Amino acid sequence: MNSTTVFSQRATVPRALSSRTSTAGTRVPMAPRVRSARTRLVPKIEARVYDNVLQTIGDTPVVKLNRIAPDHVEMYAKLEYFNPCSSVKDRLALAVIEDAERRGVLKPGQTVVEATSGNTGIAVAMVCAQKGYPCVICMAEPFSVERRKVMRMLGAKVIVTPKAGKGTGMVAKAEELCEKNGWFLCRQFENEANPAYHASTTGPEIVRDFASIGLDYWVTGYGTGGTFQGAGKVIKEARPDCKIILAEPEAAQLVASGIATERKETGAPKSSHPAFAAHPIQGWTPDFVPQVLENGLNLNMVDSLLPVSGADAISTAQALAAKEGIFTGISGGATVATALKVAETAPEGSVILAMCPDTSERYLSTPLYADIDADMNEEELEIAKSTPSFQLLPGEEPVLAAQ
């Protein structure tokens, strides 16, 4: 198999994938990629100026895993935290809001509302900030506090709903607010603009980047199911032999349960799924099967459905940071942990791609950082004491210049 590491310049045009069309219609050429060495593609450096931050969404890089992948396979990660607000949900937010603008259901100055575990809310807040819409986000209490702060920094109002209400509670609150106030609800879990955008960007990006490498396995989890449905459909059409691996939390195996989610007329869930239990993989698997995910499952694209434990997700995210320099969150760790499980039985020379949905910085207050201290540990204190100047030791006066 070709061991070339893919390094692509940013572009978001789904069909040509060789230039960018801005939301204002301006076409920005993409720098050509020049092959220079066996292990990398070196881009031609070219100045890039965008009319607004939304034009930078998409065309995220694919990076080879060199130290944690087994030797008999080639493993890659698609790093969605290279999007401007550091997650795959930037794609979803832009898709849903611009689709609503085109259809005339989102009016100038109308308040935009979404129910979210955080990343979609951050992305919606960013898009609203750029376009000038007021934004209200409903988020269940257990999700990390840094996500609330980021959304508020982007100008959104954040309504925190009780932990006991789970994901269905935050969705119901968002619906209630929109019904009362005439606000626009994004409905990320039901909105087909979500997978459609992945079908026109994420999927074609993957097909393009693996055109010369080959792709045997594509591994993804699900939040709304938008990436799975949209990108998966394109990958299967382009590469029918590529196996799609869908992962879900070991503690909340909703798809594996085979139990359907009861729905309202809108497609939103009527109640919490009986197979749901709390899990640490934030952004994955709410307490219902989203309509977008169900529609994707009905396409019969899944070759294997695998559970992943929270502990494996966390330890793999930590290993990606420490051994690969890949700074992804628990969901990225979960996807790569699943890819490593796939690799155990994959044939020699197989090429595996795992999705990394967001950045590790979204998880500073979560179990991902439980063992990461702000203060120096014993090893760091010994290094500090190994030279005489500028020592800050516990219980001692600070030392500046050596005596």
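The values are calculated or read from the model by the stated rules, or taken from the named source; none is laboratory data. Source: prediction; values computed, not measured. Using ideal geometry, Cβ is built from the backbone for each residue, glycine included, and neighbour counts are taken over all protein chains shown. Just the protein is used for accessible areas: all its heavy atoms, side chains included, with ligands, DNA and RNA removed. Shrake-Rupley method; radii C 1.70, N 1.55, O 1.52, S 1.80 Å.
Data overview
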read-out: The range 323-342 residues that are closer than 19 Å to residue 85 by Cβ, paired with ones that are among the acidic types (Asp, Glu) and modelled with pLDDT of 95 or more (beta carbon under 8 Å, 6 or more apart); value: 328/358; 329/358; 331/358; 332/358
read-out: Residue under evaluation residue 183, criteria (1) open to solvent by 30 Å² or more (accessible area, probe 1.4 Å); (2) aromatic (Phe, Trp, Tyr); (3) over 30 Å from residue 271 (Cβ atoms), criterion not met; value: (3)
read-out: Odd one out for residue 399, checked against (1) surrounded by fewer than 19 Cβ atoms within 10 Å (Cβ to Cβ); (2) modelled with pLDDT of 95 or more; value: (2)
read-out: Cross-chain or 6+ apart pairs with Cβ under 6 Å, the range 71-98 first and closer than 18 Å to residue 52 by Cα, then aromatic (Phe, Trp, Tyr); value: 91/197; 95/197
read-out: Criterion: of a type in the set (S, T, N, Q), at pLDDT 95 or above and surrounded by fewer than 16 Cβ atoms within 10 Å (Cβ to Cβ) - qualifying residue of 345, 338; value: 345
read-out: Selection from the range 246-274 of residues that are aliphatic (A, V, I, L, M), open to solvent by less than 10 Å² (accessible area, probe 1.4 Å) and over 12 Å from residue 287 (Cα atoms); value: 246, 247
read-out: Top-ranked residue of the range 355-374 - restricted to ones that are over 17 Å from residue 336 (Cβ atoms) and either touching a Leu at 6+ places or on another chain (Cβ under 9 Å) or of a type in the set (A, V, I, L, M, F, W, C) (or both), ranked as surrounded by the most Cβ atoms within 10 Å (Cβ to Cβ); value: 364
read-out: Qualifying residue in the range 160-171 (condition: of a type in the set (Ser, Thr, Tyr), within 19 Å of residue 223 (Cα to Cα), touching a residue at least 24 places away in the same chain (Cβ under 8 Å) and open to solvent by less than 10 Å² (accessible area, probe 1.4 Å)); value: no
read-out: Pair list, Cβ < 8 Å and 6+ apart or interchain, from the range 349-368 residues that are closer than 20 Å to residue 147 by Cβ and hydroxyl-bearing (Ser, Thr, Tyr) to residues that are open to solvent by less than 10 Å² (accessible area, probe 1.4 Å) and assigned to a strand (DSSP E or B); value: 359/87; 359/328; 360/328
read-out: Complete set of residues in the range 133-149 that are closer than 21 Å to residue 186 by Cα and open to solvent by less than 20 Å² (accessible area, probe 1.4 Å); value: 135, 136, 137, 138, 139, 140, 147
